[in-house]
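J.: Sending over a structure as structure tokens; questions will come in a sec.
The values are calculated or read from the model by the stated rules, or taken from the named source; none is laboratory data. Nothing here was measured: the structure is a model prediction, and the numbers come from that model. Positions of Cβ are backbone-derived with ideal geometry, glycine not excepted, and every protein chain shown enters the neighbour counts.
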Amino acid sequence: MLKKNKIITGMIFSLLVCSLCFTSCQTTSGGTYQSGYTGTGSGASSQMPEWFRMPYSVVPEAFFIAATGEGLSAEEAQYKARVALLQIFKVDIADETVLQELYRENTVNGVTNWSNTVAMESKISASAAGILSGAEVRENQQIGNRFYSLAVMDKAKTIDIYTNIINRLAADINEALNLPNRNTFEGYARHLLAASLANDIESCINVLRVVGGSGSIPAGLRSENEYKIDADNIIRAIPIRVTVTKTPSTIDPTNRIQAAFAKAIGDAGFQTGGGAGSRYVLDSNVSIEPVPQPGNPNVFSRIVVIANLTDTATRNVLVTFSFDTREGHNSQANADNRVIMAAESRINSEFKPNLQAYINQLVQSR
């Protein structure tokens, strides 16, 4: 159910963006394209519509927020007008070069066309998508080879849209955190999700403040940072116990393999330790054996490392990690030492990403 609601939330934003794209391609009451001045260059700019210079001459500032854009096509002008709205709300898009990121510029025989791309939905931020969902293109006009557009947002409509979005996101957070035991990897992942949703809520709150809707902000909302603090507290409450079974038992007498796993777990942000009752255990098996190399003056050793991070409450293996490698030197002892060093390096560089990938998968699947 939680995963389904998260998908629904994403669909809401996507549908809002799509509806905007559809609306913006239509003409409005003042939006029929008019033929006017046919010159080019600075002369065309001097003949720009009066509402382009003074947008609130055609919409009352008490009820609307307005922004304008111009370009070499109607689509480019409309898009730039909507981007100008985002700038009013101080919303950043994934890349500073927003036109290149969200639109594809095709030049055919010297004529530039701006076309919507699928990349728009993936690259535009959730807050930007929400803001654009409340916008409409009110005026369109062509003068010569330049196109001009006026994008507006009805303040009352925007307050209603954003109040509903905030309530939906808050409901998603409540559902995400409705679990019997928060001190688990699952609980940790859900608090990270809650932090992400809280960040989206904060963006929506900023919009409400701009349009005068501060009174519609629901009470009792928590910040992104508060959920991140909760997630950090969960980490401290669920230490991971690290065990190493060695074959033969005499290898790695200073427990360097165990220390390497503990370091990787710590670098990923988790705690190690805990006794026999720890819920999460990283069980690893390490074996070293000589590798005969007839005719080679050096002696070689091969190490095999197999590790499983297990939830002892469910008996599920959460993360698997294994490798084998070999190293050589002038004696068996030196070869063993070299191969343990190689194993430490592999664990330090590879186990942390594996653990983080598991946590990320948990967050994304909620």
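J.: Tell me which of these residue 249 doesn't satisfy, since it passes every other one: (1) among the small types (Gly, Ala, Ser); (2) under 27 Å from residue 337 (Cα atoms); (3) over 25 Å from the mean Cα position of the chain (by Cα); (4) not in a loop (DSSP other than H, G, I, E, B).
T.: (4) is the only condition that residue 249 fails.
J.: Being basic (Lys, Arg), outside the structural domain of residue 174 (by TED's automatic domain parsing), farther than 26 Å from residue 276 by Cα and touching a Lys or Arg at 6+ places or on another chain (Cβ under 6 Å): is that true of residue 338 here?
T.: no
J.: Of the residues 234, 229, only one is modelled with pLDDT of 95 or more and either farther than 13 Å from residue 351 by Cα or surrounded by fewer than 17 Cβ atoms within 10 Å (Cβ to Cβ) (or both); which?
T.: So the residue among 234, 229 that is modelled with pLDDT of 95 or more and either farther than 13 Å from residue 351 by Cα or surrounded by fewer than 17 Cβ atoms within 10 Å (Cβ to Cβ) (or both) is 229.
J.: If you don't mind, there's one more thing I want to ask. Of all strands (runs of 3 or more DSSP E) completely enclosed by segment 110-216, which ones contain at least 1 residues that are in contact with a Gly (Cβ under 8 Å, 6 or more places away or on another chain) and at pLDDT 85 or above?
T.: So the answer is 135-143, 146-154.
J.: Limited to segment 326-366, what total is found for residues that are among the β-branched types (Val, Ile, Thr), farther than 15 Å from residue 284 by Cβ and in contact with a helix residue (DSSP H, G or I) (Cβ under 8 Å, 6 or more places away or on another chain)?
T.: Number of matching residues: 2.
J.: Okay, next question. May I ask you to say which residue of 182, 190 is within 22 Å of the chain's Cα centre (by Cα) and under 20 Å from residue 269 (Cβ atoms)?
T.: 190
J.: Mind telling me which of the residues 319, 339, 305 ends up being in a helix (DSSP H, G or I) and surrounded by 15 or more Cβ atoms within 10 Å (Cβ to Cβ)?
T.: 339
J.: Could you check how many residues of segment 53-92 are aliphatic (A, V, I, L, M), closer than 19 Å to residue 158 by Cα and within 30 Å of the chain's Cα centre (by Cα)?
T.: Looking only at that region, the number is 10.
J.: So, one more: Assuming residue 261 fulfils every condition listed in (1) of a type in the set (Phe, Trp, Tyr); (2) at pLDDT 95 or above; (3) not in a helix (DSSP H, G or I) apart from one, which condition is it?
T.: Residue 261 satisfies every listed condition except (3).
J.: Residue 266: modelled with pLDDT under 95 and at positive phi, yes or no?
T.: It is false that residue 266 is modelled with pLDDT under 95 and at positive phi.
J.: Turning to a different aspect of this structure: State yes or no: is residue 260 assigned by TED's automatic domain parsing to the domain that holds residue 318, under 26 Å from the mean Cα position of the chain (by Cα) and touching a residue at least 60 places away in the same chain (Cβ under 8 Å)?
T.: Taking the combined requirement at face value, the residue does not satisfy it.
J.: Evaluate segment 279-297: report whether one residue or more is surrounded by 14 or more Cβ atoms within 10 Å (Cβ to Cβ), without any contact (Cβ under 8 Å) to a residue 40 or more places away in the chain and among the polar types (S, T, N, Q).
T.: No, the conditions are met nowhere in segment 279-297.
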